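The values are calculated or read from the model by the stated rules, or taken from the named source; none is laboratory data. Since this is a predicted model, take the numbers as computed values, not measurements. Here the Cβ positions follow ideal geometry from the backbone for every residue, glycine too, while neighbour counts run over all protein chains shown. Quick note on the areas: whole protein, heavy atoms, side chains included, nothing else; ligands and nucleic acids left out. Shrake-Rupley method; radii C 1.70, N 1.55, O 1.52, S 1.80 Å.
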Amino acid sequence: MSSTSTLADTLADTLASQADVTAEIRAVQLAAQPGETQPRLDFAPYRSSLLRHPTKARPLVDPEGCELVAPVFGHSDVNQLEADLTIQAGGDPVGERMVVTGRVLDGDGRPVRHQLVEIWQANAAGRYVHKRDQHPAPLDPHFTGVGRCLTDADGWYRFTTIKPGPYPWRNHHNAWRPAHIHFSLFGTDFTQRMITQMYFPGDPLFALDPIYQAITDQAARDRLVATYDHELTTHEWATGYRWDVVLTGSHATPMEREGDDDA
Ligand SMILES: [Fe+2]
């Protein structure tokens, strides 16, 4: 046995098993009140959340006047081509080409128009273009994993991309994130930014994932899962998924807080 594997084995021994973490998830959820629709900020099975969750109430600060009226971006700043993540790097990326589209709505079902929607994601092999992601899966020279667009007058966004793969992380031994796409949504000013993740239906990793399970309400978790839509799928080109984002109200999409890990 090499010294490297000895070190790896030692580190692995210090981490909880998946069975332990799954049992912790179940225990928290059994004790949770129904209708808790936003992620727990201090969710013990999600290890790093214990050390960095807020321990004091957030101070309410009136935004500066310019923050409320100054534009976050101009329409000319967002090129329509930025919504296609398959054409950004001089060749076709590897993986399942897919379209993901949906509407951004307020709590009354009204479209949120001309909203900046940004996404970032791993490639088909589950690897990010990021210095902190060094796990042994290949980078794709034809895929950056970032894109953005503006919602239209009816609140619709639309991206063409590659279906991301699941990837390992170091929360516990043999921890894997379900495949997901990170979403950021801006309102009319920076103080309204919200961040969440979109998942894919039927992922076998859902039950094992402390980030997804940090939302204790099953119906709220379900709102993070896109729907496969064969009408949106195009012949010999791309599969199609639909996913709406509801910003407020009792059916709001669960959102993360600023500073949460991008795992
Ligand atoms: Fe991620």
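Side notes on the structure shown:
Condition check ((1) of a type in the set (Lys, Arg); (2) surrounded by fewer than 17 Cβ atoms within 10 Å (Cβ to Cβ); (3) over 18 Å from Val99 (Cα atoms); (4) away from the ligand (no atom under 15 Å from the Cβ)) across all residues:
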site: Asp140; (1), (2), (3), (4): no, no, yes, yes
site: Asp152; (1), (2), (3), (4): no, yes, no, yes
site: Phe183; (1), (2), (3), (4): no, no, no, no
site: Thr196; (1), (2), (3), (4): no, no, yes, no
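- Top-ranked residue of the range 154-181 - restricted to ones that are assigned to a loop (DSSP other than H, G, I, E, B) and open to solvent by 20 Å² or more (accessible area, probe 1.4 Å), ranked as nearest to Trp237 (Cα to Cα): Lys163
- Verdict on Thr144 being among the β-branched types (Val, Ile, Thr) and within 16 Å of the ligand (Cβ to nearest atom): yes
- Being modelled with pLDDT of 95 or more and away from the ligand (no atom under 16 Å from the Cβ) holds for only one residue in Tyr167, Tyr157, and it is Tyr157.
Residues are listed down the side, and each one gets a yes or a no for (1) modelled with pLDDT under 85; (2) small (Gly, Ala, Ser); (3) more than 30 Å from His172 (Cα to Cα):
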residue: Glu36; (1), (2), (3): no, no, no
residue: Glu67; (1), (2), (3): yes, no, yes
residue: Ala70; (1), (2), (3): yes, yes, yes
residue: Ser76; (1), (2), (3): yes, yes, yes
residue: Asn79; (1), (2), (3): no, no, yes
residue: Ala83; (1), (2), (3): no, yes, yes
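- Residue selected from the range 90-115 under the condition farther than 30 Å from Trp176 by Cα and outside any loop (DSSP other than H, G, I, E, B), by the criterion nearest to the ligand (Cβ to nearest atom): Leu105
- Selection status of Asp217, free of Cβ contacts under 8 Å to residues at least 40 places away in the same chain, acidic (Asp, Glu) and open to solvent by 20 Å² or more (accessible area, probe 1.4 Å): no
- Yes/no for Pro136 being more than 16 Å from the ligand (Cβ to nearest atom), surrounded by fewer than 20 Cβ atoms within 10 Å (Cβ to Cβ) and either without any contact (Cβ under 8 Å) to a residue 60 or more places away in the chain or not in a strand (DSSP E or B) (or both): yes
- Residue list for the range 90-108, filter: more than 17 Å from Gly165 (Cβ to Cβ), surrounded by fewer than 16 Cβ atoms within 10 Å (Cβ to Cβ) and at pLDDT 90 or above: Gly90, Gly91
- For the range 116-129, the criterion of a residue being within 25 Å of Pro254 (Cα to Cα), among the β-branched types (Val, Ile, Thr) and open to solvent by less than 30 Å² (accessible area, probe 1.4 Å) is satisfied by at least one position.
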